[in-house]
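Below is one structure, written out as C-alpha coordinates, with a few remarks after it.
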Amino acid sequence: MNENYRYELILYWSDEDQAFVVEVPELAGCMADGSTYQEAVANAQVVIDEWIETALALGREIPRPRGRLRYA
(Lines give C-alpha, C1' and ligand atoms only; values in the text may rest on other atoms or scores of the structure.)
Protein backbone atom coordinates (compact mmCIF):
# COMPACT_ATOMS: atom_id res chain seq x y z
CA MET A 1 0.00 0.00 0.00
CA ASN A 2 1.19 3.47 -0.75
CA GLU A 3 1.87 4.98 2.67
CA ASN A 4 0.49 8.32 1.46
CA TYR A 5 -2.99 6.80 1.38
CA ARG A 6 -4.55 6.99 4.83
CA TYR A 7 -8.16 6.09 4.25
CA GLU A 8 -10.55 5.17 7.03
CA LEU A 9 -11.19 1.43 7.30
CA ILE A 10 -14.37 0.05 8.83
CA LEU A 11 -13.82 -3.55 9.90
CA TYR A 12 -16.46 -5.95 11.19
CA TRP A 13 -17.21 -9.66 11.45
CA SER A 14 -19.82 -11.05 9.03
CA ASP A 15 -21.65 -14.15 10.27
CA GLU A 16 -23.12 -14.58 6.79
CA ASP A 17 -19.68 -14.67 5.13
CA GLN A 18 -17.84 -16.15 8.12
CA ALA A 19 -15.12 -13.58 7.51
CA PHE A 20 -13.90 -10.18 8.62
CA VAL A 21 -15.07 -7.51 6.18
CA VAL A 22 -13.34 -4.18 5.58
CA GLU A 23 -15.10 -1.24 3.95
CA VAL A 24 -13.30 1.88 2.70
CA PRO A 25 -16.10 4.46 2.75
CA GLU A 26 -14.17 7.19 0.93
CA LEU A 27 -13.63 4.93 -2.11
CA ALA A 28 -17.00 3.89 -3.53
CA GLY A 29 -17.43 0.13 -3.60
CA CYS A 30 -13.99 -0.54 -2.14
CA MET A 31 -14.23 -3.57 0.15
CA ALA A 32 -12.16 -6.59 1.13
CA ASP A 33 -12.43 -9.55 3.44
CA GLY A 34 -10.30 -12.15 5.16
CA SER A 35 -10.49 -15.06 7.56
CA THR A 36 -8.52 -13.09 10.16
CA TYR A 37 -8.45 -9.44 11.17
CA GLN A 38 -4.89 -9.09 9.85
CA GLU A 39 -5.69 -10.79 6.55
CA ALA A 40 -8.71 -8.55 6.00
CA VAL A 41 -6.65 -5.39 6.59
CA ALA A 42 -3.84 -6.64 4.33
CA ASN A 43 -6.38 -7.44 1.60
CA ALA A 44 -7.92 -3.98 2.02
CA GLN A 45 -4.53 -2.39 1.43
CA VAL A 46 -4.19 -4.30 -1.85
CA VAL A 47 -7.73 -3.37 -2.93
CA ILE A 48 -7.13 0.32 -2.14
CA ASP A 49 -4.08 0.31 -4.41
CA GLU A 50 -6.03 -1.46 -7.16
CA TRP A 51 -8.99 0.93 -6.77
CA ILE A 52 -6.70 3.93 -7.17
CA GLU A 53 -4.81 2.41 -10.12
CA THR A 54 -8.12 1.72 -11.89
CA ALA A 55 -9.46 5.21 -11.19
CA LEU A 56 -6.27 6.77 -12.55
CA ALA A 57 -6.44 4.62 -15.70
CA LEU A 58 -10.03 5.77 -16.23
CA GLY A 59 -9.15 9.42 -15.61
CA ARG A 60 -11.30 9.63 -12.48
CA GLU A 61 -10.63 11.81 -9.47
CA ILE A 62 -9.01 10.19 -6.44
CA PRO A 63 -10.61 11.31 -3.18
CA ARG A 64 -8.18 12.67 -0.61
CA PRO A 65 -8.20 10.82 2.69
CA ARG A 66 -10.19 12.85 5.21
CA GLY A 67 -9.44 10.87 8.35
CA ARG A 68 -12.08 9.59 10.70
CA LEU A 69 -15.53 9.91 9.16
CA ARG A 70 -17.79 7.99 11.54
CA TYR A 71 -18.02 7.81 15.26
CA ALA A 72 -18.91 4.75 17.32
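The values are calculated or read from the model by the stated rules, or taken from the named source; none is laboratory data. Computed from a predicted structure; not experimentally measured. As a convention, Cβ positions derive from the backbone with ideal geometry for all residues, glycine included, and neighbour counts pool all protein chains shown.
Selection within segment 4-38: residues that are of a type in the set (A, V, I, L, M) and out of contact with any helix residue (DSSP H, G or I) (no Cβ under 8 Å at 6 or more places or on another chain). The member of this set that is farthest from residue 55 (Cα to Cα) is 10. The lone criterion from (1) under 14 Å from residue 5 (Cβ atoms); (2) not in a helix (DSSP H, G or I); (3) not hydroxyl-bearing (Ser, Thr, Tyr) left unmet by residue 55 is number (2). Taking segment 1-36 as the range and being loosely packed, with under 15 Cβ neighbours inside 10 Å, over 13 Å from the mean Cα position of the chain (by Cα), more than 18 Å from residue 63 (Cα to Cα) and not polar (S, T, N, Q) as the test, the residues that pass are 13, 15, 16, 17.
Conditions (1) of a type in the set (Phe, Trp, Tyr); (2) touching a strand residue (DSSP E or B) at 6+ places or on another chain (Cβ under 7 Å); (3) at pLDDT 95 or above; (4) in a helix (DSSP H, G or I), marked per residue:
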site	(1), (2), (3), (4)
16	no, no, yes, no
44	no, yes, yes, yes
63	no, no, no, no
69	no, no, no, no
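Taking residue 42 as the residue in question, decide whether it is surrounded by 11 or more Cβ atoms within 10 Å (Cβ to Cβ) and among the small types (Gly, Ala, Ser). Judged against the criteria, residue 42 is a match.
For residue 22, the conditions (1) under 12 Å from residue 5 (Cβ atoms); (2) β-branched (Val, Ile, Thr); (3) outside any loop (DSSP other than H, G, I, E, B) are fulfilled apart from (1).
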